[in-house]
Amino acid sequence: MLHSCPSCTTVFYSHAQPSSSTRNETTPVSSDISNTNNPAADAQIPSIRDFISNGLVRTTHLNETIASLQASLDKLIEERSALDIEIRKHKLKAALSPLRRIPPEILSHIFTFTLSSHSPSADSAPWIVSAVCARWRAITLSQSRLWSSVEISFPVIGTNTSMIQTQLSHSGESPLSVYFSCEFAEECTEEETEMMDILA
């Protein structure tokens, strides 16, 4: 049976059976009165009034107890929901993934396989790798050679002077590998000319 502390509303469970005082009281009205429209005897009226009065008090007490238990139940449901959210969050983010325990120097070596000698689209590789998470970004930014491959194809699509400047600033003292291609002959745009000037 569930009980609640009257001072702190803590809910606890007890195997004890409710005492006779907590059980439903039996009405003093006989069935021939409660089930019909027959009038009650004069001797029954005081006990019926007492029963109604005590029943109203008891009902008020029960309502208060139910409200207290409901508040405790709502709090437990809220705590369970919060715990479920945290569990799902850790599962989705793979908190125990072995990838998290790979040392930075090993990850840095793995990232080198995104360079031009291994990948046909080396220009986007450092941007993609560094966008995975804060840890990968820190490792990527610490390795200047990951930013030393620059690829420009005219007409320029998806690359701008700001990206070129950022990549060059991250490349540090590493030798640059610049890959330039042009699909068709036409005059360079102002932005394309600026990019070539930056690289030069």
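Descriptive notes on the structure:
- The stretch 68-96 - residue that is surrounded by fewer than 11 Cβ atoms within 10 Å (Cβ to Cβ) and of a type in the set (Gly, Ala, Ser) and, of those, nearest to Ser34 (Cα to Cα): Ser81
- Take the conditions (1) part of a helix (DSSP H, G or I); (2) modelled with pLDDT of 85 or more; Gln165 misses just one of them, which is (2).
- Check on Ala185, surrounded by fewer than 13 Cβ atoms within 10 Å (Cβ to Cβ) and at pLDDT 75 or above: no
- Here Asn54 qualifies as of a type outside the set (A, V, I, L, M) and at pLDDT 75 or above.
The values are calculated or read from the model by the stated rules, or taken from the named source; none is laboratory data. What you are looking at is a predicted structure, and each value in this text was computed from that prediction instead of being measured. Neighbour counts are summed over all protein chains in view; Cβ atoms, including those assigned to glycine, are modelled from backbone coordinates with ideal geometry.
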